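Data block below; observations after.
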């Protein structure tokens, strides 16, 4: 009996030790923070870990695309054929396959968040063969921008499937919603081919309808793309041009000079004369590794300047392509992007630009849109707005493309982080931010000040048009600014660089971010994540009471933000004390011991994160 009791006692001790060991392996917040069931499943399956690292069972499905595209300029029709190797690295047997057909957003009757100028027939599917089986229209369903295919033979775990598709689309006649023709001889082509949906460890098939509002989520892929156009056109694209001889000799010479000189060089301007029969003798062939998408642009009469950024053992070609009428402002865009690439790669946060090229192609209708190694931008060249625009679009090279974040569900990890660093870089070079600040203020009322202000964990696909910008662009930088101030700029810089280098290409989601920050900084930030991600709130601090040698402040909005307390005595002498967000870690009231009978004024100043209600920030005697 004693032996049995001893064995039970030893077993209980071992269980306690095991539980303690498991608890130690978890980040401090992992056992306390709210987590949806589909996210919990990933941790249970070991594809994500509570230390913020990819789990021991992490996997992701990938694709190899070989695409042939031909463009008829007369009717703006693109016809294409693609061969795909789909690599199922998951432990799951897939009984169906799902594609995005983004062009169907322009088809009559499609689900859209915005009005459009021109409807098309969408994506018209031709041949569809999967693993040797021809798929008839009885075996697939086209629903808005999704193509849902029932498979005759399921796709087995850790197997490769062969897919063959033909299709055609009509390119929009004007730049609209991230792509389209700029004039009769130039266009940006962004959402143009049937693209396999992401199948991941979190949500299985990511069947998100494209409604023109939300952005994208795509598998990590390799692309070999051939684009056929008439002679005389030049093409810029994601990836490396394989057949450089498609450039006229003059352009090849100028690009070589650009690489050797280290200066920003004019490749084409209004005085450049090219042999139209020499440009584009063959289909343009591009290759790109480890990217989630592929875009291209073409033009016949655009200006082009380029510079080279050297880092480690490689040289990155930075190009700006824009209408000739803007060629009186040469080199401005290239210089701005090069400055941003240098800061982000070498200084803050210090993450090396991962690709061999970046091209800003100008001619879009409004704002900008990012693609791997490219952006499609509004042709605005001035010292007020454009630096921010081109920096913001360039920084998307990291979020979402290098990190491969899910823009559709977690847009704050895409737009929010990008804006956080875009503003930092603009301030570093003293670029005027007046215009962009004014444009963002109009999103405060319906979004951050109103009912549209939601917890950051709410998926961005559930935002409305009215609060999308406030929630994706404005609120996340407030959170990141508070976080950087809390843990210190140097530790934040090193931490975010480590997060990027750890999760590159692997599609981190918000809990990976939270747990990694805690693990790296060794701080329990449950109270911070809980306030920003799980609860409604806004930046709103107040002076509640000044009496009995106590200054009591209240966090009325509920979000932990930093502030400066300015105290003025009866003689007019002022004292300023800075506080970080952790002063709110214990609750909404923060009490400071200070002789109050000699005070004439107490003010809470929120310089880093804007306080949305200043009416109660001052106490006067």
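The values are calculated or read from the model by the stated rules, or taken from the named source; none is laboratory data. Computed from a prediction, not measured in an experiment: that's the story for all the values here. We place every Cβ from the backbone using ideal geometry, glycine too, and count neighbours over all the protein chains shown.
General remarks:
- Picking from residues in region 325-346 that are more than 20 Å from the chain's Cα centre (by Cα) and more than 19 Å from residue 258 (Cβ to Cβ), the one that is modelled with the highest pLDDT is 346.
- Filter result (touching a helix residue (DSSP H, G or I) at 6+ places or on another chain (Cβ under 7 Å) and over 22 Å from residue 188 (Cβ atoms)) within region 257-277: 264, 265
- Screening residue 132 on (1) at positive phi; (2) surrounded by 22 or more Cβ atoms within 10 Å (Cβ to Cβ) shows it passes everything except condition (2).
- For region 543-571, residues that are part of a loop (DSSP other than H, G, I, E, B) and more than 30 Å from residue 471 (Cα to Cα) total 4.
- Listed by position, the helices (runs of 4 or more DSSP H) enclosed by region 445-542 that each have at least 3 residues that are closer than 24 Å to residue 217 by Cα and at pLDDT below 95 are 465-469.
- Of all residues in region 550-573 being more than 36 Å from the chain's Cα centre (by Cα) and surrounded by 12 or more Cβ atoms within 10 Å (Cβ to Cβ), the one that is farthest from residue 605 (Cα to Cα): 550
- Matching residues in region 453-488 - criterion: being without any contact (Cβ under 8 Å) to a residue 60 or more places away in the chain and over 21 Å from residue 34 (Cβ atoms): 464, 466, 467, 469, 470, 473, 474, 484, 487, 488
- Residue list for region 510-536, restricted to those being surrounded by fewer than 20 Cβ atoms within 10 Å (Cβ to Cβ) and in contact with a strand residue (DSSP E or B) (Cβ under 8 Å, 6 or more places away or on another chain): 535, 536
- Unmet requirement for residue 411, which otherwise passes all of (1) more than 28 Å from residue 556 (Cα to Cα); (2) touching a residue at least 24 places away in the same chain (Cβ under 8 Å); (3) surrounded by 18 or more Cβ atoms within 10 Å (Cβ to Cβ); (4) touching a helix residue (DSSP H, G or I) at 6+ places or on another chain (Cβ under 6 Å): (1)
- Test: residue in region 262-275 that is within 32 Å of the chain's Cα centre (by Cα), in a helix (DSSP H, G or I), over 21 Å from residue 65 (Cα atoms) and free of Cβ contacts under 8 Å to residues at least 60 places away in the same chain: no
- Residue among 41, 81, 48 that is touching a helix residue (DSSP H, G or I) at 6+ places or on another chain (Cβ under 8 Å) and either surrounded by 16 or more Cβ atoms within 10 Å (Cβ to Cβ) or at pLDDT 95 or above (or both): 48
Here is a yes/no grid of residues against (1) within 19 Å of residue 368 (Cβ to Cβ); (2) modelled with pLDDT of 95 or more; (3) assigned by TED's automatic domain parsing to the domain that holds residue 398:
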| position | (1), (2), (3) |
| --- | --- |
| 263 | no, no, yes |
| 272 | no, no, yes |
| 288 | no, yes, no |
| 295 | yes, yes, no |
| 322 | yes, no, yes |
